Amino acid sequence: LKKITIAIDGFSSTGKSTVAKQLAKHLGYIYVDTGAMYRAVTLFAMQQGFIDKDHFNVDKLIAALDNITISFKFNETAGFAEVYLNGVNIEKEIRTLEVSQFVSQVAAVSEVRSQLVKQQQQMGKDKGVVMDGRDIGTVVFPDAELKLFMIASADKRAQRRFDELINRGDKVSFEEVLKNVEDRDYVDSHREDSPLRKADDAIEIDNSDLDLESQFKKVLELVNTKF
Ligand code: C5P
C-alpha cells in the first residue's frame with residue numbers, strides 16, 4: 001500500500017493532536033507533534049535564563065541553537081512518542097501554561113523555525129507520517145497528499161485546554177487560559193515568518209460541535225479518498 005503525508009494545521013487547542021494520534025495509530029504511521037518541538041526550544045530558553053516575563057534575549061537563543069537536540073521516543077503505555085530535550089524526557093514540563101505563554105515569541109524567530117523545519121522534513125521524508133502544527137501544509141510539506149485545517153470556537157478551545165491543565169493538577173483560571181489561547185492565535189497568525197494560515201488546498205474541519213467519534217469518521221473518509 002502506498003504511503004502518504006498528512007498535514008494537520010489549525011489554531012491552538014482545536015484537537016489537532018487528538019486526530020493526528022488517532023490517524024497515526026489507525027494507519028500505522030509516525031506521528032510528529034511539531035508544537036512539542038517549539039515548546040522544547042522554549043523550555044530550553046527558560047532553563048538557560050534567555051526568556052522570562054521581562055525579557056527575551058533572542059541573540060543568546062540563536063547562538064545556542066546548536067546545543068539543542070530534540071528527539072522523540074515511543075512510549076508504549078502512552079501510545080505515542082514523547083519528546084526529549086538533550087536526552088531528557090520533557091513531555092510533562094512543556095505543557096505548562098508558562099511554556100504556553102512564551103512559546104509563540106520563540107516560534108516567531110526565523111532561525112528557530114528553519115532549524116526545526118529541516119528536522120521535520122527529515123522525519124517525514126519517507127512519508128507514512130501524520131504531522132500537526134501551524135505551517136505543515138504551507139511550509140513543511142506543501143505537497144502533502146492530505147491537508148486538514150482544524151477550527152473551533154475560542155471558548156470551546158479554552159475549555160478543553162483548561163480541563164486538561166486542571167486534570168494534571170495545575171492551578172490556572174479559565175480566564176488566563178482563554179487569554180493565552182487568543183494571544184497565541186494572534187501572534188501565530190501575524191508573525192512574518194510562516195504565519196498560521198490555511199493552505200489553499202486544505203480541508204477545513206470545524207469541530208466545535210463534533211464528538212471525537214464523528215470527527216474521526218469524517219477524517220477517515222477524507223483519508224480513504226487518497227488511496
Ligand atoms: O501545537 P501547540 O499548541 O503545542 O504549539 C505551541 C506553539 O508552537 C504554537 O502556539 C506556535 O507558536 C508554535 N508552533 C509553530 N509552528 C508549528 C507548531 C507550533 O509556530 N508547526
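The values are calculated or read from the model by the stated rules, or taken from the named source; none is laboratory data. Every value quoted in this text rests on a predicted model; they were computed, and no experiment measured them. Because the Cβ atoms are built from the backbone with ideal geometry, glycine has one as well, and the counts that use them run over all protein chains shown. Protein only, heavy atoms only, side chains kept; ligands, DNA and RNA dropped before computing areas. Shrake-Rupley method; radii C 1.70, N 1.55, O 1.52, S 1.80 Å.
How many residues, within the stretch 27-46, are under 18 Å from Leu116 (Cβ atoms) and not in a strand (DSSP E or B)?
The first filter runs over the stretch 27-46 and keeps only residues under 18 Å from Leu116 (Cβ atoms), leaving 30-46.
After this cut, where a residue has to be not in a strand (DSSP E or B) as well, the list is 34-46.
Residues in the stretch 27-46 being under 18 Å from Leu116 (Cβ atoms) and not in a strand (DSSP E or B): 13 in total.
Conditions tested, residue by residue: (1) within 15 Å of the ligand (Cβ to nearest atom); (2) over 27 Å from Arg160 (Cα atoms).
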position	(1), (2)
Thr34	yes, no
Thr69	no, yes
Thr77	no, no
Leu85	yes, no
Glu93	yes, no
Ser100	yes, no
Ala108	yes, no
Lys118	yes, yes
Lys125	no, yes
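Collect the residues in the stretch 169-200 that are touching a residue at least 60 places away in the same chain (Cβ under 8 Å) and either closer than 24 Å to Lys2 by Cα or away from the ligand (no atom under 16 Å from the Cβ) (or both), keeping them in residue-number order.
Ala199
Looking at this structure, is Tyr31 open to solvent by less than 20 Å² (accessible area, probe 1.4 Å), in contact with a helix residue (DSSP H, G or I) (Cβ under 6 Å, 6 or more places away or on another chain), among the hydroxyl-bearing types (Ser, Thr, Tyr) and in contact (Cβ under 8 Å) with a residue 24 or more places away in the chain?
Details: open to solvent by less than 20 Å² (accessible area, probe 1.4 Å): no; in contact with a helix residue (DSSP H, G or I) (Cβ under 6 Å, 6 or more places away or on another chain): yes; among the hydroxyl-bearing types (Ser, Thr, Tyr): yes; in contact (Cβ under 8 Å) with a residue 24 or more places away in the chain: yes.
Taking the combined requirement at face value, the residue does not satisfy it.
Are any residues in the stretch 36-52 open to solvent by 20 Å² or more (accessible area, probe 1.4 Å) and either modelled with pLDDT under 95 or within 16 Å of the ligand (Cβ to nearest atom) (or both), and if so, which ones?
If the condition is that a residue be open to solvent by 20 Å² or more (accessible area, probe 1.4 Å) and either modelled with pLDDT under 95 or within 16 Å of the ligand (Cβ to nearest atom) (or both), then Met46 is the only one that fits.
Taking the stated definitions as given, is Lys21 free of Cβ contacts under 8 Å to residues at least 24 places away in the same chain and either basic (Lys, Arg) or assigned to a loop (DSSP other than H, G, I, E, B) (or both)?
no
From the set of residues in the stretch 83-107 that are open to solvent by 60 Å² or more (accessible area, probe 1.4 Å) and touching a Phe, Trp or Tyr at 6+ places or on another chain (Cβ under 9 Å), which is farthest from Met37 (Cα to Cα)?
Gln105
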